[in-house]
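Before any comments, here is the structure.
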Amino acid sequence: MRNYFLLVLFLFPVSVFFSQSQSATRLSTSKKFKTLDSLLQSEVNGDKIPGAVIQVKKGKQVLFQRAYGLSQKYNAQHQLLSNPELTSLEHLYDLASLTKVVGTTTAIMLLVDQKQIGLDDPVGKYVPAFTRAEKSQITIRHLLSHSSGLREWYPLYYRASNKQETYQLIGELPLAFPVGKQRRYSDLGFVLLGQIIEQVSKLPLEQFLDQQVFKPLGMLHTTYNPLRKGSFNKIAATSHGNPYEKRMVYDPSLGFTVKEIDPKQWDGWRNYTLKGEVNDGNTWYANGGISGAAGLFSTVGDLQKLVDMLQAKGKIGERQFISAQTIEQFLYKDQFNNGLGWMMDPANPVMKNAPTGTFAHTGFTGTSIVVVPQSNISVIMLINRQNMGLSAKGTYYDLGPLRQKVIAAVLKL
């Protein structure tokens, strides 16, 4: 009987299908949503993911909104929880790299719009370590477009234990690629953008985002370090420590090992299930849970508010929060087929074959946002895939095929 109860609890989805004008109208039998529904439900039923939240909005109408499965399925010993919690629309998810666009890119948009910084300003104008040699060529635009030449990743916590040490270390690291010649997705570049936001605003990054971005947008459930706030009790669990990141340090086949670092010289790895602590190691171990690259937690409803503002060309209701011109600057394809901060390459699985102008981003934990301006439609999907643990190959479940099927189904609505 107990096993039967757990099975029912695991499989039973929490559903809300509604339009803003008819919130009580249930559309669960509508054929056009069955594909989306079955895609997510089959992933949960097939033990691929513990749970998920999805929301599809067109214009001012939410077309499809649903929560599936569990907010945590396994403990750190990969044992099924005896009393698992259903996922809900109110759960906070670790956004991982969605932080780069939800927080950091939006903050830079705002500062550019206020003419406090310029996209082609040299980074050295704000960070003295970038006034020398090749680094003097790097601009804010290079950081946003991942073409600065900075390393893609570095285990900062081996040499830094706080924000100040992190900023100093990034300033000291040599460039890995020529400036402006290629797009190499870099976490370090967005940590540096966080430093610039602090330098210009004279506020800690988390305070600037809270005061100047999240509160004006009404994103009251978007925050760093939610456990420290005391008011958030619904949070989806992610990984069991940082096993994949540890592998990045130890396993040279992944291409991230650093010659000047002995993997054994630091051993502060977490060994418990993360729930309300950011998964990203550099953000947690070296930056107190706060960085421009990762660390934000949010809900599907809050993320929709940011998307709505972007869709409305910078407006919040009747108020112009960011000018349409600035929004267009950031959502214009560059020579690397992407925007500033946001991805725009239609070859990317998350927006495969979407029409011109589509922009999107993903997060390592399993989160994603896709916006299709041509259809005035958006898709927000929050999945905590890491709670399933690493596969036998030492990787997390690949959400690429699911994301591709989801956007294909949405484009047919």
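Values in this text are rule-based calculations from the coordinates and carry no lab data. None of the values given here were measured: they were computed from a predicted structure. Please note: Cβ atoms are built from the backbone with ideal geometry, for glycine as well, and neighbour counts cover all protein chains shown.
The table below lists the values:
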{"quantity": "Note, ³J(HN,Hα) from phi for region 208-220, Karplus 6.51, -1.76, 1.60, rounded to Hz, x at Gly and Pro", "calculated": "4, 4, 5, 7, 9, 10, 5, 5, x, 7, x, 8, 7"}
{"quantity": "Packing-based exposure ordering (other Cβ within 10 Å, fewest first) of SER148, SER253, SER88, SER186", "calculated": "SER253, SER88, SER186, SER148"}
{"quantity": "Distance in nm between pseudo-label sites at GLN168 and VAL258 (7 Å out along the Cβ direction from Cα)", "calculated": "1.5"}
{"quantity": "Positive-pole candidate from GLY314, GLN41, GLN304, dipole of the chain, charges at beta carbon", "calculated": "GLN41"}
{"quantity": "Convex hull projection area averaged over all views, region 70-210, Cα basis, nm²", "calculated": "10.9"}
{"quantity": "Cα→Cβ-extended label distance, 7 Å offset, between LEU227 and LEU175, nm", "calculated": "4.0"}
{"quantity": "For region 251-329 versus region 143-185, the gap between their alpha-carbon centres in whole angstrom", "calculated": "15"}
{"quantity": "Links that overshoot a 28 Å alpha carbon limit, given the list LYS163/LYS275; LYS163/LYS313; LYS34/LYS215; LYS58/LYS333; LYS135/LYS163; LYS229/LYS313", "calculated": "LYS163/LYS313; LYS34/LYS215; LYS229/LYS313"}
{"quantity": "Separation of the GLU152 and LYS34 label points, Cα + 7 Å toward Cβ, nm", "calculated": "4.2"}
{"quantity": "Interchain or long-range residues, amide H under 5 Å from LYS313's placed H", "calculated": "none"}
{"quantity": "GNM result for the chain, Cα springs below 10 Å: residue of LYS315, LYS125, LYS393 fluctuating most strongly", "calculated": "LYS393"}
{"quantity": "Ranked ASP334, ASP120, ASP94, ASP113, criterion: other C-beta atoms within 10 Å, fewest first", "calculated": "ASP120, ASP334, ASP113, ASP94"}
{"quantity": "Expected 222 nm ellipticity per residue - DSSP helices of 4 or more, -39500 (n - 2.57), all of the chain, to 500", "calculated": "-8000 deg cm²/dmol"}
